[in-house]
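Read-outs throughout are calculated quantities, based only on the coordinates presented, and are distinct from any laboratory measurement. Given the structure is predicted, the values throughout are model-derived calculations rather than measurements. Here Cβ is always computed from backbone atoms with ideal geometry, including for glycine, and neighbour counts include all displayed protein chains.
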Amino acid sequence: MNSYSQMEHFFASSAKTTSIPKEYIWPEKDLVIADEELSEAVVDLQGFLRGDSEATQHAAKLVRASCLKHGFFQVINHDVDAQLINSAHHHARAFFKQPFSEKQKGQQKVGSKWGFSVAHAHRFRTKLPWKEMLTFGFHQRGPNAVIVDFFESFFGEGFEETGLVFQKYCEAVKKLSLAIMEILGISLGIDQSYFKEFFEDGSAIVRANFYPTCPEPGLTLGIGPHSDPTSVTILHQDQVGGLEVFVDNKWKSIRPRHDAFVINLGDTFMALTNGMYKSCLHRAVVKKHQERISLTYFMCPREDKMIKPPQDLISSKEDEPRKYPDFTWFDFLRYTSDHYRADEATLQNFIKWFIS
């Protein structure tokens, strides 16, 4: 039985089985239980979006404090319509509730980032995450509705509505992402438009995640400890909870808020700040009696953009040199797609590989 059919069998019969395959068992060091919540900032964007300078400075101050320490915060009053968010969750759940044979019609091919996959089983054989994923790309270059095209080409005409919902969702989140880039620029004391312009012609890797119930949640993870190689992650999670962050040498959970997006910085943005802002280790845990859905928007620059900090963030002091060489997002993406499994040391190991 291959990893795909094996996991489908265990997901379907999880109420009856009492064990999970060894491929999904993680080392004890990765399974330490989080027994407290992260007190991350909740940033109200309403003032910034309405042009209130005092509220904008307050938001930037909260963002700066979070990003200097761990790179996680939540945003509320973000102008992404609540009904659109609910609709995206509804379509994601409907997709994952289909028979496995239907989902497999759009199975991710070797060498491709797009499509349906189970546990990254097409790439890895050990420490598999207990989840299913649907991954697609998004950009706004030209008139094409790229997500609608993706759903129709991978899954057929019956998915036009799903494609339209996710197209609208990603357009709204892209607008939010550029607002966040402006606040990040303000928080760093550089030109407000610098990062917005840097990412305006970029793209996103979008992923719907489904974490089924698990008979032995204490032995596995929905996704293992890692930092995101991308720039900024914009996550909307349902109310079940499961996202955890490693801060102050311990795992801490992030409580879901239906009105908020969770924002975390990735390795690429850490490099853009010359290491000043943090890309934090995080993971997802699974539950015995509750399924979980999350929607993830990984913001990326255009692939040929040079990842280089603005001059204002590079110290002229000889004892504070550049922490990372110049590289393109394409270089880093190729490394994590073809050579390396994202973990707590992705950027450091990429740099060693890149300069060797």
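Relative to the Cα centre, the charge distribution of the chain, modelled as +1 at Lys and Arg Cβ and -1 at Asp and Glu Cβ, gives a dipole magnitude of about 900 debye.
Full extension of the chain between Ala65 and His139 yields a length gain of 23.6 nm, computed as 0.36 nm times the residue separation minus the alpha carbon distance.
For region 16-355, what does the alpha-carbon gyration tensor say about shape, rounded, prolate or oblate, given a ≥ b ≥ c as the root eigenvalues, a/c under 1.5 as rounded, and a/b over b/c as prolate?
Here region 16-355 falls in the rounded category.
Ordered by the number of other Cβ atoms lying within 10 Å of each residue's own Cβ, fewest first, Trp130, Trp114, Trp353 fall into the sequence Trp353, Trp114, Trp130. Using the Cβ of Asp326 as centre and a radius below 14 Å, the other residues enclosed give a net charge of +2, where K and R count +1 and D and E count -1. By the rule of a C-alpha distance below 17 Å, with chain neighbours fewer than 8 residues away ignored, the lysines paired with Lys113 are Lys103, Lys105, Lys131.
Relative to the longest principal axis of the Cα atoms of the chain, the long axis of helix 146-155 makes an angle of roughly 10 degrees.
Spin-label model, Lys29/Asn86: points 7 Å from Cα along the beta carbon direction are separated by 4.6 nm. Each peptide among 63-69, 225-231 gets the average number of other Cβ atoms lying within 10 Å of its residues, and from highest to lowest they stand as 225-231, 63-69.
Sorting Glu344, Glu40, Glu157 from the fewest to the most surrounding beta carbons within 10 angstrom yields Glu157, Glu344, Glu40.
On the beta carbon distance between Lys22 and Gln46, with R0 = 56 Å, the FRET formula returns roughly 0.65. The antiparallel fraction among DSSP beta bridges confined to the chain stands at about 90%. Here the sum of -39500 (n - 2.57) over DSSP H runs of 4 or more residues, divided by the residues of the chain, equals -10000 deg cm²/dmol at 222 nm, to the nearest 500. What FRET efficiency would be calculated for the residue pair Lys109, Lys323, taking the C-beta separation as r and a Förster radius of 35 Å, to the nearest 0.05? Plugging the Cβ-Cβ distance into 1/(1 + (r/R0)^6) gives 0.45. Cross-link reach is defined here as a Cα-Cα straight distance under 25 Å, omitting same-chain residues fewer than 8 places apart; for Lys308 the lysines meeting it are Lys61, Lys69, Lys174, Lys175, Lys196, Lys278, Lys317, Lys323, Lys352.
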